[in-house]
Amino acid sequence: MKNDESIRKLRDFLKENIRKGTDFSQSDQSLGYPMPPVEKPLEEGQKAQPLPEWRGAITLDNDVAGLIGRRQSARRYPDKPITAEELSFLLWATQGVRRIKGERVMRNVPSAGNRHALETYLALTKPAITRDGQAFSAGLWRYLPLEHALVYQGSPGNLQDKVAQAAMGQTFVGQAPVVFIWSAIPYRMEWRYLHASHKEIALDAGHVCQNLYLAAEAIRCVTCAVAAYDQKEADGLLGLDGEDEFVIYMAPVGRAREA
Ligand SMILES: Cc1cc2nc3c(=O)[nH]c(=O)nc-3n(C[C@H](O)[C@H](O)[C@H](O)COP(=O)(O)O)c2cc1C
């Protein structure tokens, strides 16, 4: 295994040699093709459901050193839902928009070249209710960062089982009240960086999930990064084509257990 050629080849993904060999003058951006949309457009008939304001509605622990020091992965979740205000905060923290300047949409997480090639889907195994009783029903949703809203994607039966199956049989994933599932739309990055795009997308995803860990900790919730998943099952669950958009990472979120 130590000198296995196939493993050594795969290590190249982590290196940045590809940048020198890439002719960026041939990128679609350089050739004048329009920038791909920063957010996947709604399909016909889909309607955005605005997320509630979280500021003033939830109690935040603002002790950054404490949050960083306490963060840990958790795989057991009490049988309690997450409120819609909490969900609103977690989505803001992971993919929310910080500032819009012309075509430039800046988010709360960094991204190589500000390309932001990720979409966020939620598998809600329990409804998330707002303070005034509005429900985001159980099922699959997609986050719309520009509108800070969710769009309903449908509700396959046995969602818990399907999510666990998509997570390669890791049953704890399906037991969380909400599972964040991130997909990549690689063209958003390739439009500028061509062959040098793919490691950047993976690095971007790490930043997003780390914000989820810390934001969850700030509201007495917990999460666990999950990269061991079944590509076909996960893409199938979300109805993704697996080429132009596919799942790259997931993270179940639940309430912290009482000490
Ligand atoms: C990229 C990545 C992938 C991971 N994938 C899984 C996974 O599929 N299943 C799982 O139970 N934990 C997964 N984890 C969680 C790690 O096991 C966990 O971070 C590690 O054991 C250290 O524990 P800590 O997060 O509590 O410090 C993953 C973590 C990362 C960063």
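The values are calculated or read from the model by the stated rules, or taken from the named source; none is laboratory data. As the structure is a computational prediction, the values presented were derived from the model and not from experiment. Backbone-built Cβ (ideal geometry, glycine too); neighbour counts: all protein chains shown.
For the range 116-125, the criterion of a residue being in a strand (DSSP E or B), more than 16 Å from the ligand (Cβ to nearest atom), over 12 Å from the mean Cα position of the chain (by Cα) and closer than 19 Å to T94 by Cβ is satisfied by at least one position. Scanning the range 183-241 for residues that are within 11 Å of the ligand (Cβ to nearest atom), out of contact with any helix residue (DSSP H, G or I) (no Cβ under 9 Å at 6 or more places or on another chain), under 18 Å from Q165 (Cα atoms) and not aliphatic (A, V, I, L, M) yields nothing. Specify the residue that is surrounded by the fewest Cβ atoms within 10 Å (Cβ to Cβ); the eligible residues are those in the range 136-162 that are within 21 Å of D241 (Cβ to Cβ) and within 15 Å of the chain's Cα centre (by Cα). The residue in question is V151.
Taking L42, is it of a type in the set (A, V, I, L, M, F, W, C), in contact (Cβ under 8 Å) with a residue 12 or more places away in the chain, exposed (fewer than 15 other Cβ atoms within 10 Å of the Cβ) and out of contact with any strand residue (DSSP E or B) (no Cβ under 7 Å at 6 or more places or on another chain)? Spelling it out, it is not the case that L42 is of a type in the set (A, V, I, L, M, F, W, C), in contact (Cβ under 8 Å) with a residue 12 or more places away in the chain, exposed (fewer than 15 other Cβ atoms within 10 Å of the Cβ) and out of contact with any strand residue (DSSP E or B) (no Cβ under 7 Å at 6 or more places or on another chain).
The rows are residues; the columns are (1) outside any strand (DSSP E or B); (2) without any contact (Cβ under 8 Å) to a residue 24 or more places away in the chain.
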{"position": "G206", "(1), (2)": "yes, yes"}
{"position": "N211", "(1), (2)": "yes, no"}
{"position": "A215", "(1), (2)": "yes, no"}
{"position": "V222", "(1), (2)": "no, no"}
{"position": "A234", "(1), (2)": "yes, no"}
{"position": "L240", "(1), (2)": "yes, no"}
{"position": "E243", "(1), (2)": "yes, yes"}
{"position": "V247", "(1), (2)": "no, no"}
{"position": "A251", "(1), (2)": "no, no"}
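Residue by residue, here is whether (1) in contact with a strand residue (DSSP E or B) (Cβ under 7 Å, 6 or more places away or on another chain); (2) at pLDDT 95 or above; (3) under 27 Å from D244 (Cβ atoms) holds:
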residue	(1), (2), (3)
P81	yes, yes, no
E85	no, yes, no
F89	no, yes, no
Q95	yes, yes, yes
E103	no, no, yes
P110	no, yes, yes
H116	yes, yes, yes
K126	no, yes, no
R131	no, yes, no
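Kindly indicate which of I82, I100 is away from the ligand (no atom under 16 Å from the Cβ), within 12 Å of C221 (Cα to Cα) and not in a helix (DSSP H, G or I).
Working: I100 fails: within 12 Å of C221 (Cα to Cα).
One residue alone meets the criteria, I82.
When you look at F136, is it modelled with pLDDT of 95 or more, within 16 Å of the ligand (Cβ to nearest atom) and out of contact with any Gly (no Cβ under 8 Å at 6 or more places or on another chain), yes or no? For F136, the condition - modelled with pLDDT of 95 or more, within 16 Å of the ligand (Cβ to nearest atom) and out of contact with any Gly (no Cβ under 8 Å at 6 or more places or on another chain) - is not met.
Take the conditions (1) assigned to a helix (DSSP H, G or I); (2) hydrophobic (A, V, I, L, M, F, W, C); (3) over 20 Å from V105 (Cβ atoms); (4) more than 16 Å from the ligand (Cβ to nearest atom); L67 misses just one of them, which is (4).
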